[in-house]
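A quick write-up on the structure given underneath.
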Amino acid sequence: MKIIQNYIDGKLLNPQENQWMDNVNPSTGKVYGQIPLSTEIDVEQAVQAAKRAFPAWSSTPYTERSRCLSALADLISKHADALALAESIDNGKPVSLAAHVDIPRAESNIRFFASAINHFSSEAHIMENTAINYTNRKPIGVVACISPWNLPLYLFTWKIAPALAAGNCVVAKPSEITPQTAYLLSELCIEAGLPSGVLNIVHGDGPTTGNAIIHHPEIKAISFTGGTSTGAHIAREAAPKFKKLSLELGGKNPNIIFADCNYEKMLNTTLRSSFANQGQICLCGSRIFVEEDIYEQFKSDFVAKVSKMRVGNPTDPATKMGAVVSKSHMEKVLSYIALAKEEGGEILCGGKQVIPQDTAIAGGFFIEPTVIEGLKYDCRTNQEEIFGPVVTITPFSSEVEVLKMANSVEYGLSATVWTENLTRAHRVANELQTGIAWINCWLLRDLRTPFGGTKSSGVGREGGFEALRFFTEAQNVCIEL
Ligand code: NDP
């Protein structure tokens, strides 16, 4: 049994009310650990530790904060294999994905903000012969970072790194479904000598622990990534208390394929953008629109490739497709496949739960990668976030038509466009109601760029200096000459 503890005031602690939850391995369906169900008592302890640490941390030279974060990044690199294995066991994702994407990205998130703080500057506004204004960007104080289960350490570090670099002290909660790597990170924080109370990691569920965090009066800003309905709940609770909010929420991303695309590159990348991490990435393209001239060819080539994909033991380095994160999530995804059939969709491949032959993982939560056609663009299957290995394919005849379908959803996180026509690429990108538009690529990330969604996909932007601006309060200082 792996026992996870809270990390509060530099120490690893059991929850004060001694309540625990099971941690399930999604590839076996078995409980393999226990995690704290922290209550408001633990959250209070974490907030007070952060508050005590704030005066020293916020006045620590930025170069020293940068050094502390770099030391933490070095330790992530040193323990990368153990972290990748832990992520794979906890989440069900292939260990190869964790080793090539999740853990290197967690390391580079921390390294990036350790460096970015050295280059973070502020504005001055000169009123000729009258006054000089300068913007004094100050850390906010105690801030909260709440992250989801799909990219556990990757998204956790994406939030805490800019918060800490900017001089805040943090109370953070990873998802109760995937707490393992955040726990390992707390051990690394101790090893790296991060001052006590600067980062506090409190484990538990959303309704108990998460709610205690968002309601705490001394938490002045909340950076949240997760589902849109949870984001709406947090916004409702936090807005009247005037907490600063950054919300990165759900997506239902279009993948628009024009007939003049680089076909082979498009086909291989579309396979990845559909099914990487079992389709559980907020940026996966789950609605594939294909220009009618190449629709039949695409359909047959894509389905042939998807039909060859096999789920396997996530901890086997050869596995490309692992388990979905939980039983309830598997049931949700399967219910959407049933809905797609009711709505008149035809399942071209997949569509079912998989019970693996390998007895070691027979109790796990596996779903066949699934391709569906024949659905209207505005049916529920094409409008609601499924967040699993399920995509729909739809033909289109014109740019106007595909933009109407692509923009018809309540979400606006990302889109991918495949065309060799440069003018059209710019035109379509500009018309897309999304925070990110990838042209002839997918998930190509430059950490300096603004990251986030429009509409119900969120409020605010992460990434680069945007994140450092979020985690600071701007004060205008005006000096009359
Ligand atoms: P949830 O919204 O269920 O949970 C996200 C986090 O919020 C978890 O830590 C959860 O805790 C916590 N939480 C739940 N309820 C509350 C509450 N009342 N108060 C405070 N915290 C709470 O999302 P999922 O974990 O299911 O993640 C999947 C979602 O995340 C998808 O919609 C996906 O699109 C979105 N996402 C968005 C990204 C983006 O950048 N826009 C990136 C990645 C994912 P617990 O799990 O312990 O209940």
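The values are calculated or read from the model by the stated rules, or taken from the named source; none is laboratory data. Keep in mind that this is a model prediction, so the values were computed, not measured. Note: ideal-geometry Cβ built from the backbone for every residue, glycine included; neighbour counts use all protein chains shown.
Is at least one residue of segment 311-323 at pLDDT 95 or above, within 16 Å of the ligand (Cβ to nearest atom) and surrounded by 24 or more Cβ atoms within 10 Å (Cβ to Cβ)?
Checking segment 311-323: at least one residue is at pLDDT 95 or above, within 16 Å of the ligand (Cβ to nearest atom) and surrounded by 24 or more Cβ atoms within 10 Å (Cβ to Cβ).
Of all residues in segment 116-159 being among the aromatic types (F, W, Y) and in a loop (DSSP other than H, G, I, E, B), which is nearest to P217 (Cα to Cα)?
Of everything passing the filter in segment 116-159, W149 is nearest to P217 (Cα to Cα).
So how many residues does segment 115-130 have that are touching a helix residue (DSSP H, G or I) at 6+ places or on another chain (Cβ under 8 Å) and in contact (Cβ under 8 Å) with a residue 60 or more places away in the chain?
Start the filter on segment 115-130 by keeping residues that are touching a helix residue (DSSP H, G or I) at 6+ places or on another chain (Cβ under 8 Å), which leaves 115-118, 120.
With in contact (Cβ under 8 Å) with a residue 60 or more places away in the chain added as a condition, the list becomes 116-117, 120.
Looking only at that region, the number is 3.
Residues that are more than 10 Å from the ligand (Cβ to nearest atom), in the same structural domain as E462 (by TED's automatic domain parsing), of a type in the set (D, E) and more than 24 Å from G453 (Cα to Cα): does segment 212-220 have at least one?
Yes, the conditions are met somewhere in segment 212-220.
State yes or no: is T178 out of contact with any His (no Cβ under 9 Å at 6 or more places or on another chain), buried (at least 24 other Cβ atoms within 10 Å of the Cβ) and outside any loop (DSSP other than H, G, I, E, B)?
no
Restricting attention to segment 78-88, report how many residues are of a type outside the set (G, A, S) and within 18 Å of the chain's Cα centre (by Cα).
Selection size over segment 78-88: 2.
The rows are residues; the columns are (1) in contact with a Lys or Arg (Cβ under 7 Å, 6 or more places away or on another chain); (2) within 23 Å of C169 (Cβ to Cβ); (3) more than 8 Å from the ligand (Cβ to nearest atom); (4) not in a strand (DSSP E or B).
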| position | (1), (2), (3), (4) |
| --- | --- |
| P207 | no, no, no, yes |
| F224 | no, yes, no, no |
| G231 | no, no, no, yes |
| A235 | no, no, yes, yes |
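Can you tell me which condition A235 does not meet? The list is (1) under 16 Å from the mean Cα position of the chain (by Cα); (2) closer than 30 Å to H215 by Cβ, and all the others hold.
So A235 meets the others, but not (1).
How many residues are assigned to a helix (DSSP H, G or I) and free of Cβ contacts under 8 Å to residues at least 40 places away in the same chain if we restrict to segment 400-442?
Count: 12.
Does segment 137-146 contain any residue that is surrounded by 24 or more Cβ atoms within 10 Å (Cβ to Cβ) and of a type in the set (K, R)?
Checked segment 137-146: no residue is surrounded by 24 or more Cβ atoms within 10 Å (Cβ to Cβ) and of a type in the set (K, R).
Out of segment 237-263, which residues are part of a helix (DSSP H, G or I) and more than 11 Å from the ligand (Cβ to nearest atom)?
Within segment 237-263, A239, P240, K241, Y263 qualify.
So which residues in segment 378-399 are surrounded by fewer than 16 Cβ atoms within 10 Å (Cβ to Cβ) and under 14 Å from K341 (Cα atoms), if there are any at all?
Of everything in segment 378-399, just one residue is surrounded by fewer than 16 Cβ atoms within 10 Å (Cβ to Cβ) and under 14 Å from K341 (Cα atoms), namely R380.
Which residue is nearest to the ligand (Cβ to nearest atom), if the candidates are limited to segment 272-308 and must be surrounded by fewer than 17 Cβ atoms within 10 Å (Cβ to Cβ) and of a type in the set (A, V, I, L, M)?
V303
Among the numbered criteria (1) closer than 26 Å to W20 by Cβ; (2) in contact with a Ser or Thr (Cβ under 9 Å, 6 or more places away or on another chain), which one does E248 miss?
Single failed check for E248: (1).
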